[in-house]
Amino acid sequence: MPQIIPIKDLKNTSDISEMCHRTDEPIYVTKNGYGDMVIMSIESYEHTMKQLKMYEDIEVSERQIKEGKVKDARESLSDS
């Protein structure tokens with residue numbers, strides 16, 4: 001279940017940091033009852049960025065396959 005905190009709670013930086021490291025989920029910060037920002041540990045952020053990069057690479061690969069921009073593996077390996 002996601003953690004949601006009001007923006008006024010950001011003054012408790014040590015508590016917020018502990019919350020970020022205790023869970024792998026982001027903490028949602030609200031302002032005037034509406035979503036305003038998201039906070040997460042650096043480890044969670046880096047993991048998320050790695051996943052995003054992997055999905056982008058898969059998307060590029062699928063597009064190249066559809067466009068016929070492929071090369072036979074045996075040919076590629078014998079060229080080197």
_Which of the numbered conditions does Ile16 fail, given that it passes all the others? Conditions: (1) exposed (fewer than 11 other Cβ atoms within 10 Å of the Cβ); (2) within 23 Å of the chain's Cα centre (by Cα); (3) of a type in the set (Val, Ile, Thr)._
(1)
*Find all pairs meeting these conditions: Cβ atoms under 8 angstrom apart; at least six residues apart or on different chains; first residue within the range 42-53 and surrounded by 10 or more Cβ atoms within 10 Å (Cβ to Cβ); second residue outside any helix (DSSP H, G or I) and modelled with pLDDT of 95 or more.*
Thr48/Met40
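The values are calculated or read from the model by the stated rules, or taken from the named source; none is laboratory data. Small disclaimer: the values here were computed from a predicted structure and weren't measured. Quick reminder, even Gly has a Cβ in these numbers, built from the backbone with ideal geometry, and neighbours come from all protein chains shown.
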